Amino acid sequence: MIIISRPRVGISDGHISFVGKTDGITLSAGAPPLVPGMTLDLMAKHSLDFWLTSEDLPDPENRVTLDADGKIVLAYKPNNEEGHKRLIAKLKSLLKEIDCTHVIPRQLFVGQRIPLAGVAHQNGTIRFGTDPHTSALDVNCRAHEVENLYVVDASFFPSSGAVNPALTIMANALRVGDHLLKRAGVETAAARELVEAGV
């Protein structure tokens with residue numbers, strides 16, 4: 001996996017992953033009906049397959065609310081389109097270095113971009129931070145306005161860098177758990193080991 005970021009801005013454009021081989025049957029799903037299967041098999045045999053992932057950046061206007069009748073209302077506008085274009089350009093430049101100059105976008109053969117219904121790794125709905133005006137949770141994932149309400153799922157993220165956040169969610173849950181134990185005055189074996197080690 002190659003993660004492409006812009007250090008000046010601190011935002012990831014996303015990542016490029018090398019994925020398992022495609023085949024003629026997969027390509028036929030989006031190919032024009034007149035393309036012979038043999039041609040698709042040949043194309044698949046001589047291809048390298050990549051998965052490019054970029055994310056929607058935090059936007060307070062992208063939200064889920066309820067209307068007066070209690071129905072779910074989705075307000076969503078894609079963003080980070082320029083970041084995705086940079087990601088594609090980066091892949092093309094890397095492939096050019098190995099004399100692979102023909103890049104065929106997936107949407108020409110295997111359908112379109114994943115629709116909103118196919119979204120994965122939702123996060124940022126209850127973001128954390130130090131300012132109650134721009135975040136619902138403090139840095140320990142406790143609600144700014146509710147003393148005993150903690151949220152430790154993916155919603156605390158402001159952003160995930162277009163990568164699977166599972167390990168970060170787990171690490172954060174352990175961190176918040178340690179905070180809660182300390183707050184309750186419970187000393188853990190791990191904490192004792194750190195003290196004994198002089199950390």
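Can you give me the number of residues within the range 118-151 that are under 19 Å from residue 178 (Cβ atoms), assigned to a loop (DSSP other than H, G, I, E, B) and open to solvent by less than 50 Å² (accessible area, probe 1.4 Å)?
4
Return yes or no: is residue 98 more than 15 Å from the chain's Cα centre (by Cα), modelled with pLDDT under 85, farther than 23 Å from residue 27 by Cα and part of a loop (DSSP other than H, G, I, E, B)?
Against the criterion (more than 15 Å from the chain's Cα centre (by Cα), modelled with pLDDT under 85, farther than 23 Å from residue 27 by Cα and part of a loop (DSSP other than H, G, I, E, B)), residue 98 qualifies.
Being of a type in the set (Gly, Ala, Ser) and in contact with a strand residue (DSSP E or B) (Cβ under 6 Å, 6 or more places away or on another chain) is the filter here; which residues of the range 79-101 pass it?
83
Between residues in the range 166-187 that are under 17 Å from residue 148 (Cα atoms) and residues that are open to solvent by 70 Å² or more (accessible area, probe 1.4 Å), which pairs lie under 6 Å by C-beta distance while being six or more apart or on different chains?
Final answer for the pair search is none.
Considering only the range 152-175, state which residues are surrounded by fewer than 17 Cβ atoms within 10 Å (Cβ to Cβ) and either in a helix (DSSP H, G or I) or modelled with pLDDT of 95 or more (or both).
Listed by number, the residues that qualify are 166, 167, 168, 170, 171, 173, 174, 175.
Being surrounded by 14 or more Cβ atoms within 10 Å (Cβ to Cβ) and on the phi < 0 side of the Ramachandran plot is the filter here; which residues of the range 57-91 pass it?
Across the range 57-91, the qualifying residues are 57, 58, 59, 62, 79, 83, 84, 86, 87, 88, 90, 91.
Which members of the range 177-199 meet the condition of being assigned to a helix (DSSP H, G or I) and either crowded, with 17+ Cβ neighbours inside 10 Å or at pLDDT below 80 (or both)?
Initially, the range 177-199 is screened for residues assigned to a helix (DSSP H, G or I), giving 177-183, 189-196.
Selection gives 189, 190, 191, 192, 193, 194, 195, 196.
Please count how many residues of the range 1-55 are over 20 Å from residue 92 (Cα atoms), modelled with pLDDT of 80 or more and surrounded by 18 or more Cβ atoms within 10 Å (Cβ to Cβ).
Count: 2.
The values are calculated or read from the model by the stated rules, or taken from the named source; none is laboratory data. The shown structure was predicted, so the numbers you read here are calculated from the model rather than taken from an experiment. Virtual Cβ from ideal backbone geometry, glycine too; neighbours counted across all protein chains shown. With ligands, DNA and RNA removed, areas are computed over all heavy atoms of the protein, side chains included. Shrake-Rupley method; radii C 1.70, N 1.55, O 1.52, S 1.80 Å.
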